[in-house]
Amino acid sequence: MKSESDNVTLRPWTAADQDFIFQLYASTRIQEFAPLGWAPAQLETFLRIQFHSQQRWYEMAYAAAGHQIICLDGHSIGRIMVLREPARFLLVDIALLPEHRGQGIGARLLSDLIAESEHAGIPIGLQVLKTNAAIHLYERSGFVRTGEDEMYYQMERKPEQQEQK
């Protein structure tokens, strides 16, 4: 049986993707701020400020991260950023447009990253909002909570130990 995730490809992010990345960012945050009752223009202005702050932080803190656009049948539906360092992979960000969530796409991409980390013998770390439903996916995928602050859990998945021969 063929699933939607079978038609998913990755391509490098380019500056031409900036508007899409903002729309993706807004789609992940709008529910968080909608209860404030702001007018749509106020909410968009606020989200743009937050987005630009996030982008600057990513550029400074994760300049070496691989930043790819997730495509389904050639259409942009998300992004994934992974910082691959010699001792650890860091899943900086993975996000999908709302209509593509819960269909196995994120799980497949996470599985691919896990396979890569297993092959390299390197753990994967990430940080996730405490309110993000993806926590359950991460836990099912072998990630354990290693810390937390007021908003986020820090999680890590260590590579499986190979049997001693």
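Being free of Cβ contacts under 8 Å to residues at least 12 places away in the same chain and part of a loop (DSSP other than H, G, I, E, B): is that true of Ala63 here? When the stated conditions are applied, Ala63 passes them. Filtering segment 13-27 to residues that are more than 17 Å from the chain's Cα centre (by Cα) and charged (D, E, K, R) leaves only Asp19. Would a scan of segment 61-78 turn up a residue that is surrounded by fewer than 17 Cβ atoms within 10 Å (Cβ to Cβ), more than 26 Å from Ala26 (Cα to Cα) and not basic (Lys, Arg)? There is no residue in segment 61-78 that is surrounded by fewer than 17 Cβ atoms within 10 Å (Cβ to Cβ), more than 26 Å from Ala26 (Cα to Cα) and not basic (Lys, Arg).
Can you pull out every residue in segment 112-157 that is closer than 22 Å to Gln31 by Cα and among the hydroxyl-bearing types (Ser, Thr, Tyr)? Those that are closer than 22 Å to Gln31 by Cα and among the hydroxyl-bearing types (Ser, Thr, Tyr): Thr131, Tyr138, Tyr152, Tyr153.
Please tell me if Ile30 is within 22 Å of Lys130 (Cβ to Cβ), modelled with pLDDT under 95, under 17 Å from the mean Cα position of the chain (by Cα) and not acidic (Asp, Glu). It is true that Ile30 is within 22 Å of Lys130 (Cβ to Cβ), modelled with pLDDT under 95, under 17 Å from the mean Cα position of the chain (by Cα) and not acidic (Asp, Glu).
Asp112 satisfies every condition listed in (1) in contact with a Phe, Trp or Tyr (Cβ under 6 Å, 6 or more places away or on another chain); (2) closer than 16 Å to Gly78 by Cβ except (1).
Restricting Glu85, Glu118, Glu99 to those that are in contact (Cβ under 8 Å) with a residue 40 or more places away in the chain and over 21 Å from Tyr152 (Cα atoms) reduces the list to Glu118.
Apart from one condition, Leu24 fits all of (1) of a type outside the set (S, T, N, Q); (2) farther than 30 Å from Pro159 by Cα; (3) free of Cβ contacts under 8 Å to residues at least 60 places away in the same chain; the exception is (3).
Checked against the criteria, Gly37 does not count as modelled with pLDDT under 95, touching a helix residue (DSSP H, G or I) at 6+ places or on another chain (Cβ under 9 Å) and on the phi > 0 side of the Ramachandran plot.
The values are calculated or read from the model by the stated rules, or taken from the named source; none is laboratory data. This one's a predicted model, so the numbers in the text were calculated from it and none came from an experiment. So basically every Cβ, Gly included, is an ideal-geometry build from the backbone, and we count neighbours across all protein chains shown.
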